[in-house]
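Chemist: My questions will all concern the structure given below.
Just so you know, all these numbers are worked out from the coordinates, no wet-lab data involved. Quick caveat: nothing in here was measured; it's all calculated off a predicted structure. Positions of Cβ are generated from backbone atoms using ideal geometry, with glycine treated the same way; all protein chains shown enter the neighbour counts.
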Amino acid sequence: MCPYWLSLCSGAHVLLSQCPRRLIFIQGTFSPFLAEVLLRMHSVGICGSDVHYWQHGRIGDFVVKDPMVLGHEASGTVVKVGSGVTHLKPGDRVAIEPGVPREMDEFCKSGRYNLSPTIFFCATPPDDGNLCRYYKHSASYCYKLPDNVTFEEGALIEPLSVGIHACKRAGVTLGSKVFVSGSGPIGLVNVIIAKMMGAAAVVVTDLSASRLQKAKEVGADFTIQVKNETPQEVASKVESVLGCMPEITVECTGVQACIQAGIYATRSGGTLVLVGLGPEMVTVPIVNAAVREVDIRGIFRYCNTWPVAIALLASKRINVKPLVTHRFPLEKALEAFETTKRGEGVKVMLKCDPTDQNP
């Protein structure tokens, strides 16, 4: 067990392995005079970053120095509203956008608030997340869910937003040929969004046959199980199944060899978007990309995606329900984290409301 301390709630700092069955009920203190809402949490998905913080205590420059509540893929029900809140009321079901700007800086003014260096973000040190019974959050970053969108779909808007942001940055459009590297949850949402945005063909690579099968279920046209191929050989296989080199590659693993394959695979003049985060320093064939004018773009989380995602879910243009493969009550958080760590299934969902364990 990693020695780093985690907290399931404010004031009850425990090692996850020692988490008692009785959990304290609220993270933070509700301030009725602010533009905040108090939420009774319902569904919280476990992200790879949650597991990484649990196991290693850091991701890049974000280091866990004090007890921290995990969880940032979430939905819940409004219990109380601050005096400045007008668009929500008690009883409203909402999806939570975990990133909230702390100040109106140049990035917020330009509509790219995700790049603000002072942004609050759930479960990113030193900011607590929302894996708890009750949680308060900025009302402006809580979005009412239509009646035909479930709590779990609401929680899945967070990873879905990564796909929306990545595909927008990549320029996916009608007729695009797209290569998605990696068939984990983020790879899968990129498949879903790329197809929704009009991609004519999407090919997905992964080591896991079961995950590639899931990619087919959510809309991938072709899959390639990678074994011991070189990056150039992977690129050649991608071109072979598509019948051409893809204009767009979305790299969702962060693995050096996969980034290399992404550069080799992308058509001259195309775009490679780096979504997965791996080592700080990687070796890539940058000259190959440069002389072929392959644009390499990064993404950092997302911005302005919740209204789009809710509209897509409500209209049934996309279906994310197959992504949830495991469900656990909050009391079994350790078991849920262990399941995610082992790579079982796709998305593990924790159910925080003991009176409602439904999707």
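Chemist: Peptides 176-185, 50-59: what's the order by average Cβ count within 10 Å, highest mean first? Show your work: numbers first, answer last.
Modeler: Details: 176-185: 27.4, 50-59: 17.1.
By packing density, highest mean first, the sequence is 176-185, 50-59.
Chemist: How far apart, in nm, are two points set 7 Å out from the Cα along the Cα-to-Cβ line at V79 and at K144?
Modeler: Result: 2.2 nm between the two label points.
Chemist: Please tell me the relative contact order of the chain in percent, rounded to the nearest whole number, where contacts are Cα pairs under 8 Å and at least six residues apart. Provide the component values of the computation, followed by the final result.
Modeler: Working: 833 pairs, mean separation 62.6, N = 359.
Once divided by the residue count of the chain, the mean separation gives 17 percent.
Chemist: Which of the peptides 90-102, 270-282, 251-263 is most tightly packed, and how do the rest follow, going by the mean number of other Cβ atoms within 10 Å of each residue?
Modeler: Working: 90-102: 19.8, 270-282: 17.5, 251-263: 22.6.
The packing order, highest mean first, is 251-263, 90-102, 270-282.
Chemist: Here is a follow-up. Taking the simple approach of a point 7 Å from Cα along Cα-to-Cβ for both L115 and D356, what is their distance in nm?
Modeler: 3.9
Chemist: First check a/c for the stretch 21-175, with a ≥ b ≥ c the square roots of the eigenvalues of its C-alpha gyration tensor; if it is under 1.5, answer rounded, and if not, answer prolate when a/b is larger than b/c or oblate otherwise.
Modeler: Taking the square roots of the gyration eigenvalues as a ≥ b ≥ c, the stretch 21-175 is rounded.
Chemist: Rounded to the nearest angstrom and ordered from largest down, what semi-axes does the equivalent ellipsoid of the chain get from its C-alpha gyration tensor (root of 5λ)? Could you put the intermediate results ahead of the total?
Modeler: On the way: eigenvalues 241, 92, 77 Å².
They are 35, 22, 20 Å, listed from largest to smallest.
Chemist: If neighbour count is taken as other Cβ atoms inside 10 Å, put T124, T283, T249 in order from fewest to most. Could you put the intermediate results ahead of the total?
Modeler: Details: T124 20, T283 10, T249 31.
By the 10 Å Cβ count, ascending: T283, T124, T249.
Chemist: Then there's this: Please arrange K136, K65, K332 by counting, for each residue, the other beta carbons lying within 10 Å of its beta carbon, fewest first. Intermediate values should be presented prior to the final figure.
Modeler: Numbers: K136 20, K65 11, K332 16.
Exposure proxy ranking, most exposed first: K65, K332, K136.
Chemist: Local charge sum around A289 (other residues, Cβ-Cβ under 13 Å, Lys/Arg +1, Asp/Glu -1)?
Modeler: Working: positive: R267, R292, R297; negative: E251, E293, D295.
It works out to a net charge of 0.
Chemist: Can you tell me what the convex hull of the Cα atoms of the stretch 263-341 projects to on average, as an area in nm²?
Modeler: Values: hull surface 35.4 nm².
Projected over every direction and averaged, the Cα hull of the stretch 263-341 covers 8.9 nm².
Chemist: Could I ask something else about it? Output the pairs from K216/K341; K65/K332; K80/K144; K168/K216; K144/K195; K321/K347 with a Cα-Cα distance over 19 Å in this structure; if there are none, say none. All intermediate terms of the calculation are to be shown ahead of the outcome.
Modeler: On the way: K216/K341 23 Å; K65/K332 25 Å; K80/K144 14 Å; K168/K216 22 Å; K144/K195 26 Å; K321/K347 10 Å.
Those over the limit are K216/K341; K65/K332; K168/K216; K144/K195.
Chemist: Follow-up question, since we're still on this one. Using a ≥ b ≥ c from the Cα gyration tensor of the stretch 162-298 (square roots of the eigenvalues), is it rounded, prolate or oblate, where a/c under 1.5 gives rounded and otherwise the larger of a/b and b/c decides, a/b for prolate? All intermediate terms of the calculation are to be shown ahead of the outcome.
Modeler: Details: a/c = 1.33, a/b = 1.16, b/c = 1.14.
Here the stretch 162-298 falls in the rounded category.
Chemist: Pulled fully out, how much extra length does the chain show between T173 and A200, if you take 0.36 nm times their separation in residues and subtract their Cα-Cα distance? Please list the in-between numbers first.
Modeler: Numbers: separation 27, 0.36 × 27 = 9.72 nm, distance 0.89 nm.
Result for the pair: 8.8 nm of gain on full extension.
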